[in-house]
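Peer 1: After the structure tokens below, expect a handful of questions from me.
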Amino acid sequence: MASVSQSPVTFSGSLSSATSASDLLRSSMNGVNGVPLKTLGKGHVGHGRKGLNIVAKVRKVKKHEYPWPQDPDPNVKGGVLSHLSPFKPLKEKPKPVTLEFEKPLMDLQKKIIDVQKMANETGLDFSDQIISLENKYQQALKDLYTHLTPIQRVNIARHPNRPTFLDHVFNITDKFVELHGDRAGYDDPAVVTGIGTIDGRRFMFMGHQKGRNTKENIQRNFGMPTPHGYRKALRMMYYADHHGFPIVTFIDTPGAFADLKSEELGQGEAIAHNLRTMFGLKVPIVSIVMGEGGSGGALAIGCANKLLMLENAVFYVASPEACAAILWKTAKASPKAAEKLKITANELCKLQIADGIIPEPLGGAHADPQWTSMQIKNAILDSMDELEKMGTEELLRHRMLKFRKIGGFQEGLPVDPEKKVNMKRKEEPRPGLISDKALQGEVNKLKEQILKAKETSSINMDQNGLIEKLQREINYEFSEAAKALGIEEKLSKMREEFAKAENEQLTPSQIKNLENLKNEFNENLATAPNYGRLKYKLSLLKEITEAKTFAENYKKALPLKAKVNEKFKEVLEKPTLKQNIENIKAEIEKSGVSNIEEFDQELKEKVLEVREQVESEFVNALESSGVHVTSKVDQTSMSMIKAKVDELNAEINQIIQDVIESTPDLKNKIEILKLEIVKDKNAPSKESKEKIESLQQQIKQGVADVMSFAAVKDKYEQLQAELAELAGVGSDGSLIKEPIYA
Amino acid sequence: MNLCEQCGYHLKMSSSDRIELSIDPGTWEPMDEDMVSLDPIEFHSEEEPYKNRVDSYQRKTGLTEAVQTGIGQLDGINVAIAVMDFQFMGGSIGSVVGEKFTRLIEYATKEFLPLIIVCASGGARMQEGSLSLMQIAKISSALYDYQSNKKLFYVPILTSPTTGGVTASFGMLGDIIIAEPNAYIAFAGKRVIEQTLNKTVPDGSQAVEYLFQKGLFDLIVPRNPLKSVLSELFQLHTFFPLNQN
């Protein structure tokens, strides 16, 4: 009796007039616009109105098609996860499609079937015919599929029945669950990503998905991803990197989707971002091209440690049709284009772009999908085994190097200058712009070069260039200084005057002005602001010029050195000399003494003799070849002199000792001196120092008196005379002089 | 500066002119000038073999390849700069171009220089096949090291036209992307889009101004103040001129 017509829910059943409080409560609590039944009831309810039907109408809810059955069975292959995927085997078997070049095979096949039918019908025995036909068929099949032209392979790669990404994945994985969405607006159906396990090992899978029939193809956009798809892949890559899943990607796309919406969403940027990110992922990545790989759209998930290709897969930068249209102006030339572009797996392996080829069954992957999937699985596991042995650094480096070495070019050979006409050439830098540090660096480099060259005896470098550069810099600095000092005006005025001077003779007044100016400049130079820089550059210039002269001298010295060495060798080879040398050597060995000073006198003299012979021969040879010897490095006399000097020193010391001993006065003084020094060490004081000094003076005087002692004096003078014989000898006996060459 | 005097329309500019415009005089040091392409996949189309084609372009334009790379100073700041030239085979990317870019980026990484790349390209060079495609990956790999590991500063300048492989790699990977007015920037060319969609593309749908509204670049900078803008950006990122004490 209460018709609450506004509310969508009405109750069926007959209502008695007695509405209890609980009824009312219930009805208003049910979310109905609370028109209490009571009030309505009070209004118009008459008695005895029975049979009122209150009907419940359920709101129309959209019926979603979910991939899971009513009752998901956890024991099915692939576990619970497989119920989440809408990708189920096709209901109808795909129609067999024959490609152009397979026609002869199909004819053979038809013939076999005809013969068999005839055999069945007529009952005659055609078995040998059948067998021969079968053999021919097998042979033809093998021949055809081992010699496929590139364009034929392209057609197989685009075959409508070719197994797709999800086909392969469900064949090879134990468990697989697809993950969706780029979390930024769309879930691209053309790119499928997910995680799963192969033989218990977990991986992240992603790839392009084409459809298996026309309806699916449209839904999947023919495998051409939009920026959303690439961003989904990027998100998954970060995810895999974060959680440590090795990545396996499957490439099968004609290219990225080319439409206005994609352009606006940043198709290029999405691909670029993917490319850059893939080089930073710390997990191993393996890419498998299972169909066609279309340029950038394929490369966006294809920067891997290993790129494998199925036997009939192709990977191109521009599709053969597009290439033919551009280069030959007609799409009919695509077979030629396909061949020239080198897009098949074989060719790419040769170019080292692809790392391996996965075999396909005869007839293409669509002939035996299971077998193909097993091959892919083995290839994945093998590559991953290899890659997982590497550490993170090595993995990143391996990926970088794989791409770094791709490319064919030539360099180092000089290029025809007329081909470089328009290229911006290197210019000489303006002075004042080079930083001090750079200059110092260059100077140091040059110095190092010279030092190194000394060892390897080859100097050829650009000292002159550097000197010029430095000189320019210094000029610039000078002019800057002049400007700063305010002399610039006067300088320029002088310059004008001199230019006007006709016969180039300066008047005395002009000369005087010039002198004054020069003095002024020199005096005030130190106050100029860039004086420091100027000085620094001047010092660099000095260093360089020194280095230059050294280098030049060295250059001259080198060939002469070589010559001298040569001559010496020649001389040694002379028969007589050689004999003498051999004799001497034998004697030395016999006497068993190695040090020249310990030879007995006889041996010494013999050695000296031989030495002199060698020297004279040597000098002769040198003079004959035009080398003028002015002084000799006389080593034995050297050592003899040294010995004599030592002897003399010893004698003198001895005499001094004797004198000191004999003169008690001196002896006392020395004792006192010793004491004082000890005292001084322990407690230095001015007094003790003075005492030490005076004592020293006295002792020296005493010894000097002794020196006038005759014997020592004689010996001393004798030694001096001997030393003076050898020209250019310092009294300390050191002599090393380079012979001066004419 | 190749601007229309009447309306200020930005016309195409050759690479040498652009270097002169951007780099202080007397500081340009080119790199790898002598790299030329071989014919790595022996691509012989009937009209002329690839090598001859390269040769004829070299003589015609006076450049050895589609890009000039080098080091210079921009308002006193040392920069590594690469300028692409559309006149040489449509600015297409081949093995040599990829290698030059990669070497420049590696040099800039080592010397901590900021990087500028002026992009003007038609895409990847078809005559070098998949090798050209891999150059894009090579450059992106070098850029990864430059940007993510060393955190240096990279500015691509997109000029007219920038299409294909460049947009799909280093052109869109900059820290600050600068585009020139009236430039044509796309990933897929106009013809390809028309073929895919079977309808004509309205004019201006791939022009800089339109794409700017869709959020693809940071700035549109005309040619006149470009050098100063770059110098300011470098200084904001703590790259200072040398003679500033």
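Peer 1: Where Rh denotes the Kirkwood radius from the mean inverse Cα pair distance, what is Rg over Rh for segment A:47-176?
Peer 2: With Rg and the Kirkwood Rh in hand, the quotient comes to 1.31.
Peer 1: Please work out the C-alpha center-to-center distance from segment B:101-163 to segment A:318-362 and express it in whole Å.
Peer 2: Using only Cα atoms to place each centre, the spacing works out to 26 Å.
Peer 1: Here's something else I'd like to know. By how many nm would the segment from A:THR146 to A:THR214 lengthen if fully extended, with 0.36 nm per residue of separation less the alpha-carbon distance?
Peer 2: Taking 0.36 nm per residue and subtracting the Cα distance, the gain is 21.5 nm.
Peer 1: Using 0.36 nm per residue of separation minus the Cα-Cα distance, give me the extension gain between A:ASN120 and A:GLU573 in nm, one decimal.
Peer 2: 152.4 nm
Peer 1: Which value, in debye to the nearest 20, describes the size of the charge dipole of segment B:116-220 about its Cα centre when Lys and Arg Cβ atoms bear +1, Asp and Glu Cβ atoms bear -1, and nothing else is charged?
Peer 2: For this selection, approximately 220 debye.
Peer 1: If you count, for each residue, the other Cβ atoms within 10 Å and average over each peptide, how do B:195-204, A:363-372 line up from highest to lowest?
Peer 2: A:363-372, B:195-204
Peer 1: How much accessible area per residue does chain B have, counting only protein heavy atoms and a probe of 1.4 Å, in square angstrom?
Peer 2: That works out to 38 Å² for each residue.
Peer 1: Sort A:TRP68, B:TRP28 by accessible area with a 1.4 Å probe, largest first.
Peer 2: From most accessible down to least: A:TRP68, B:TRP28.
Peer 1: Still on this structure, please answer the following. Can you give the mean number of other chain Cβ atoms that lie within 10 Å of the Cβ atoms in peptide A:213-225?
Peer 2: The per-residue average across the peptide is 0.
Peer 1: Using Cα pairs under 8 angstrom and six or more residues apart, how large is the relative contact order of segment B:7-91, in percent?
Peer 2: Relative contact order here is 35 percent.
Peer 1: For segment B:59-65, just list the computed ³J(HN,Hα) in residue order, Karplus coefficients 6.51, -1.76 and 1.60, θ = phi - 60°, integers in Hz, with x standing in for Gly and Pro.
Peer 2: My calculation for segment B:59-65 gives 6, 5, 9, x, 10, 7, 8 Hz in order.
Peer 1: Would you please state which residues of segment A:196-225 a label at A:ASP73 would reach in this model, taking the label point 7 Å out along Cα→Cβ and a backbone N cut-off of under 18 Å?
Peer 2: none
Peer 1: Separate question: Using a simple spin-label model with points 7 Å from Cα along the Cα→Cβ vector, what separation in nm is obtained for A:LEU413 and A:LEU401?
Peer 2: So the label points at A:LEU413 and A:LEU401 sit 2.9 nm apart.
Peer 1: Could you order A:TYR476, B:TYR57 by accessible surface area, starting with the largest, using a probe radius of 1.4 Å?
Peer 2: Reading off the accessible areas and sorting them downward yields A:TYR476, B:TYR57.
Peer 1: So how much slack lies between A:GLU448 and A:LYS60, counting 0.36 nm per residue of separation and subtracting their Cα-Cα distance, in nm?
Peer 2: This chain segment gains 130.7 nm when fully extended.
Peer 1: For peptide B:95-103, what's the mean number of Cβ atoms from other chains within 10 Å of each residue's Cβ?
Peer 2: 3
Peer 1: Within 13 Å, Cβ to Cβ, of A:GLU582, how many net charges do the neighbouring residues add up to if Lys/Arg are +1 and Asp/Glu are -1?
Peer 2: +2
Peer 1: To continue, here is another question. Take a quick pass over segment A:224-374 and tell me how many lysine pairs come in under 20 angstrom between Cα atoms, counting only ones 8 or more apart or on separate chains.
Peer 2: 12
Peer 1: Can you flag which of B:LYS51/B:LYS151; A:LYS175/A:LYS405; A:LYS93/A:LYS175; A:LYS91/A:LYS402 are past 32 Å Cα-Cα?
Peer 2: Too far apart for the 32 Å limit: B:LYS51/B:LYS151; A:LYS175/A:LYS405; A:LYS91/A:LYS402.
Peer 1: Calculate the spin-label point distance for A:GLU388 paired with A:LYS555, positioning each point 7 Å from the Cα along the beta-carbon direction, and give it in nanometres.
Peer 2: Here the answer is 6.5 nm between the modelled labels.
Peer 1: In what order, largest first, do B:ARG18, A:ARG59 sit by accessible area if the probe radius is 1.4 Å?
Peer 2: Ranked from most to least accessible, the order is A:ARG59, B:ARG18.
Peer 1: So how do A:381-387, A:229-235, A:219-225, A:511-517 stack up, highest first, on mean other-Cβ count within 10 Å?
Peer 2: In descending order of packing, they fall as A:229-235, A:219-225, A:381-387, A:511-517.
Peer 1: Let me ask you something else. Given R₀ = 51 Å, FRET efficiency for A:TYR536-B:GLN6 by Cβ-Cβ distance, to 0.05?
Peer 2: So the FRET efficiency works out to roughly 0.40.
Peer 1: Roll a 1.4 Å probe over the protein chains and send me the accessible area per residue for segment A:109-232 in Å².
Peer 2: Per residue, segment A:109-232 has 49 Å² of solvent-accessible surface.
Peer 1: So, one more: For A:TYR239, what accessible area in Å² do you get when you roll a 1.4 Å probe over the heavy atoms of the protein chains, rounding to the nearest 10?
Peer 2: 80
Peer 1: Considering every residue in B:119-130, what mean count of other chain Cβ atoms within 10 Å of its Cβ is obtained?
Peer 2: 5
The values are calculated or read from the model by the stated rules, or taken from the named source; none is laboratory data. Quick caveat: nothing in here was measured; it's all calculated off a predicted structure. A quick note on method: Cβ atoms are made from the backbone with ideal geometry, for glycine too, and the neighbour counts reach across all protein chains shown. Areas reflect the complete protein model, heavy atoms only, side chains present, ligands, DNA and RNA absent. Shrake-Rupley method; radii C 1.70, N 1.55, O 1.52, S 1.80 Å.
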